Amino acid sequence: MPDGLVFGEDEVRQQLEVVLESPNFRTAERSKKLLRFVVEQTLAGNAEGLKEYTIGAEALGRGEAFDPRIDAIARVEVSRLRGRLEHYYASTGATDGIRFVLPRGGYVPLFEKLEPAAPAENASSNSQQAAPRPSWVWTAILCLGCSVIVGAATFAYLTRSTPPAPAHPPVSLDIELLPQGEFANVVGTQLALAPNGSSVVFVALAPGGGSELQLRRLDGSGNVRLPGTDGARGPFFSPDSEWVSFWSTGKLRKIALTGGSPITLCDAPDLLGGSWGEDGNIVATLTTEAKLWKVPAGGGKPVPILDATPRILRFLWPQVLPGARAVMFSNFALNPDAGSIEVLTLADGKRYTVVQNAMFGRYLPSGHLVYINQGSLYALRFDIEKLQTLGSPVLVASEVEFSPTFGYAHYDVSRNGTLVFRRRSAAGQFSLNLAPPGGTPNRITPAPPGYWIWPKLSPNGHQAAVDRMDSGERRIWMVDLASKTAPVPFTPPGAGSAVWLPDGAAVIFQGNRSMEWSPNTIPATPRTLLSAGVTIPWSVSPDGKRLAYSLLNPQTHFDLWTVPLSWSGSELRAGTPEPFLTTPAVETYPSFSPDGQWMAYVSLQSGAYEVYVKPFGRSGAEVQVSKGGGRLPIWLKRKREIVYETSDQKLMSVDWRVRNGAFEVGPPRSWSATRLGDTGVLPNYDVAANGAMLALLPPVGLNPARNQVTFRFHFFEELERRLPRP
């Protein structure tokens, strides 16, 4: 037993198992392995041997060749483990008697004794049922048949400008924002709450497909469609709550809530977050480059205020802090949960990391900082003058809708202390389902529900490669559809987006830093195929001699490329890449036709995602296939038909033919009555050669409302009670 241990070894080991089986750690294999290693080594009296080399070589499996000078895995995983422990003790482990602590700068855990604390107040709406509510709230609810879907009159009362009396109990209400519609599936947060709490603007599914902005004033009026906002996404308010800025069709724009047409502020290839400062400037991420840009709110040329090129996808979802002297943003690091919340001071350009293992941070006027980790909203105190956090975080809302791929979340907070957020659809999980041609999908057993995305059926339909996101780590799993056994890991963490070769003998996929391939053996033996930045493979030509993929260009977003493939003995080789389609618009999902003569793809050129077809290997006109929104085109093998998904997760198809060398399509029609799970812009289905469909669906019994948000009133008071001043 090591010297100074105040607990028995059995106590420590028992507590270790409790931590490792908690929801915070259950699927985080590396963090589990690392925590078990450092605890067991300490109990065995080997604490002095816990060095960076030991962690990498032994705990993380790098072996004797591990060199910490060129491989940062030990530092990265230890930092991630610290974050998981902090979140565990802020939520599930708040009442534990033993706390595992990894001091910064070291690898030896401490075992701290804690006095049992009162259970943390559950922040969900269900937990508030026992709290005394004002009689007018009960009256409003009872008048609506005990439903928590309340009308605008209740809104007006709840959000009146009179300062709330102290000691108000928190009030949570689920509100149906779109009685006749749904939120649009776009990259970026879907809602913005006015700073004064008077209204909310949200991205809705437009009647003809695509997206648009709608306004709901909280004074008794209904929804209003904001004109000229077709294709809009990423809304954010002006400080005076009178304007909303947004992105559409390659431009950053703004529109007054009082009416009128949108005003163009500048060209913007993309928008990955924006914030309107009190100094009359907007700070935004306008490209996929590692840059933050400043744009005058009246319009003008963007100027970079933070530049880390040639890196990409780095500084996202900024917030201009009060006084416009600093900007908070997410350092994405291509893995949201392994990223951090940082602050940039504009006067001197210095950067400060304020929260590790976090994404989408927001400073609140109450002196708190809120952020997302693995779909949960945490809060802690923040000193705005020193730009430092104070104390430990607490869990304030679980199951917040977020994107583990792009690092944003659907929540906002007003200056008067109202929180609004979307709950995670089906707890962010999907089940794998297989449907015979024209039949009803049935869940693949024993595949458990999880954050599955990107399903790809093997050419013979006997296997499926599917991505799964666990605690911020993405990897490909292999499903044996014939034996009906549980899915097994195929690749190491960090891989995704599988594409099968036509004979099914090998799989191409997106790796950590390059495009990779592996023979179809479990586990995979990844080998580099192509190093060309962020590349996403999508289809292989029928003869197996060419790969089509998307390439992220910092100036033009995703473009379409192809590359020749050949075999050198048992090694798959890539030739010289060639552009297929490069425009300022987003282009993705290039799919070869069964005869290899045509390419279907998705483009955002019209302001909405639509499916198009062009000849491959020769010139020819572009033909639009989908009408009113379309994505993820799949050519059926046994008939001349293209299947695609609509903006509201339904499947349509069109017949096609070639006449006099020209590509022609028939009118779209429904292909399946099944409504797929909402995975954003990422793939959620595939079709086998025999017409069988592999689909991602919400787990049975979970039917999330697609048009609701949750409002939490008196949120600042709640934080004051739960985060005492130091």
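Which ones in region 423-465 are free of Cβ contacts under 8 Å to residues at least 12 places away in the same chain and outside any loop (DSSP other than H, G, I, E, B)? Asn442, the sole residue that qualifies. When you check Glu664 against the structure, is it acidic (Asp, Glu) and not in a helix (DSSP H, G or I), yes or no? Taking the combined requirement at face value, the residue satisfies it.
Only one of the numbered conditions (1) outside any helix (DSSP H, G or I); (2) more than 27 Å from Asn512 (Cβ to Cβ) is not met by Arg62, and that is (2).
Count of region 464-505 residues, restricted to those that are among the polar types (S, T, N, Q) and crowded, with 19+ Cβ neighbours inside 10 Å, is 3. Of all residues in region 517-536, those satisfying the criterion of being surrounded by 21 or more Cβ atoms within 10 Å (Cβ to Cβ) and touching a Ser or Thr at 6+ places or on another chain (Cβ under 6 Å) are Ser518, Ala524. Ile536 meets the conditions (1) within 26 Å of the chain's Cα centre (by Cα); (2) farther than 24 Å from Trp635 by Cα; (3) among the β-branched types (Val, Ile, Thr) in every case but one. The failed one is (2).
Within the bounds of region 510-521, is there any residue that is farther than 22 Å from Ala689 by Cα, among the hydrophobic types (A, V, I, L, M, F, W, C) and touching a strand residue (DSSP E or B) at 6+ places or on another chain (Cβ under 7 Å)? Yes - at least one qualifying residue is present in region 510-521.
Search region 546-572 for residues being surrounded by 14 or more Cβ atoms within 10 Å (Cβ to Cβ) and of a type in the set (D, E, K, R), and hand back the single one that is nearest to Pro459 (Cα to Cα). Here the answer is Arg546. Only residues that are part of a strand (DSSP E or B), of a type in the set (Asp, Glu) and more than 21 Å from the chain's Cα centre (by Cα) were counted in region 252-311, giving 2.
Search region 581-629 for residues being among the aliphatic types (A, V, I, L, M) and over 24 Å from Ala268 (Cβ atoms), and hand back the single one that is nearest to the chain's Cα centre (by Cα). Out of the qualifying residues, it is Val611. Of all the listed residues (Val681, Val665), the sole one being β-branched (Val, Ile, Thr), surrounded by fewer than 21 Cβ atoms within 10 Å (Cβ to Cβ) and modelled with pLDDT of 90 or more is Val665. Residue count for region 399-434 under the criterion of being more than 23 Å from Gln708 (Cα to Cα) and either under 23 Å from the mean Cα position of the chain (by Cα) or surrounded by fewer than 19 Cβ atoms within 10 Å (Cβ to Cβ) (or both): the result is 2.
Tell me, yes or no, whether region 317-328 has at least one residue that is at pLDDT below 95, under 16 Å from the mean Cα position of the chain (by Cα), assigned to a strand (DSSP E or B) and surrounded by 23 or more Cβ atoms within 10 Å (Cβ to Cβ). There is no residue in region 317-328 that is at pLDDT below 95, under 16 Å from the mean Cα position of the chain (by Cα), assigned to a strand (DSSP E or B) and surrounded by 23 or more Cβ atoms within 10 Å (Cβ to Cβ).
Here Gly45 qualifies as out of contact with any helix residue (DSSP H, G or I) (no Cβ under 9 Å at 6 or more places or on another chain), in a loop (DSSP other than H, G, I, E, B) and not charged (D, E, K, R).
For region 223-249, which positions are buried (at least 23 other Cβ atoms within 10 Å of the Cβ) and either of a type in the set (S, T, N, Q) or in contact with a helix residue (DSSP H, G or I) (Cβ under 7 Å, 6 or more places away or on another chain) (or both)? Within region 223-249, Thr229, Ser245, Ser248 meet the criteria.
Residue count for region 17-57, restricted to those that are of a type outside the set (Phe, Trp, Tyr) and farther than 25 Å from Val488 by Cβ: 21.
Rundown of residues vs (1) touching a strand residue (DSSP E or B) at 6+ places or on another chain (Cβ under 6 Å); (2) outside the structural domain of Pro269 (by TED's automatic domain parsing); (3) of a type outside the set (Phe, Trp, Tyr), yes/no style:
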site: Ala194; (1), (2), (3): yes, no, yes
site: Gly197; (1), (2), (3): no, no, yes
site: Gly209; (1), (2), (3): no, no, yes
site: Asn223; (1), (2), (3): yes, no, yes
site: Phe246; (1), (2), (3): yes, no, no
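Residue count for region 366-386 satisfying the condition of being within 23 Å of the chain's Cα centre (by Cα) and at negative phi: 10. Where the second residue is in a strand (DSSP E or B) and surrounded by fewer than 19 Cβ atoms within 10 Å (Cβ to Cβ) and the first is of a type outside the set (Gly, Ala, Ser) and lies in region 541-558, which pairs have Cβ atoms under 6 Å and are six or more apart or on separate chains? Pairs that qualify, where the first residue is of a type outside the set (Gly, Ala, Ser) and the partner is in a strand (DSSP E or B) and surrounded by fewer than 19 Cβ atoms within 10 Å (Cβ to Cβ), are Arg546/Pro564; Pro554/Ile312; Phe558/Leu552.
Pairing each residue of region 606-628 that is touching a residue at least 12 places away in the same chain (Cβ under 8 Å) and within 16 Å of Ala548 (Cβ to Cβ) with any residue that is crowded, with 20+ Cβ neighbours inside 10 Å and of a type in the set (Val, Ile, Thr), provided the two are 6+ apart or on different chains, yields C-beta distances under 6 Å for Val611/Val602; Val611/Val625; Val613/Val625. In region 76-97, the condition of being part of a helix (DSSP H, G or I) and over 23 Å from Gln15 (Cβ atoms) is met by at least one residue. Against the test of being assigned by TED's automatic domain parsing to the domain that holds His368, at pLDDT 95 or above and touching a strand residue (DSSP E or B) at 6+ places or on another chain (Cβ under 7 Å), the options Ala290, Ala284, Ala308, Ala268 yield a single qualifying residue, Ala284. Test Ser647 against the stated conditions and say whether it is of a type in the set (Ser, Thr, Tyr), in contact (Cβ under 8 Å) with a residue 40 or more places away in the chain and over 22 Å from Ala548 (Cβ atoms). Judged against the criteria, Ser647 is a match.
Residue-by-condition table, conditions (1) surrounded by 15 or more Cβ atoms within 10 Å (Cβ to Cβ); (2) among the acidic types (Asp, Glu); (3) modelled with pLDDT of 90 or more; (4) within 29 Å of the chain's Cα centre (by Cα):
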site: Asp10; (1), (2), (3), (4): no, yes, no, no
site: Glu17; (1), (2), (3), (4): no, yes, yes, no
site: Glu21; (1), (2), (3), (4): no, yes, no, yes
site: Phe37; (1), (2), (3), (4): yes, no, yes, no
site: Glu64; (1), (2), (3), (4): no, yes, no, no
site: Ile70; (1), (2), (3), (4): no, no, no, no
site: Ala74; (1), (2), (3), (4): yes, no, no, yes
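Counting just the residues of region 532-564 that are polar (S, T, N, Q) and modelled with pLDDT of 90 or more, which one comes out nearest to Ala464 (Cα to Cα)? Ranking the qualifying residues of region 532-564, first place goes to Ser539.
The values are calculated or read from the model by the stated rules, or taken from the named source; none is laboratory data. Note that the structure is predicted; figures quoted are calculated from it, not measured. All Cβ positions, glycine included, derive from the backbone under ideal geometry; neighbour counts span all protein chains shown.
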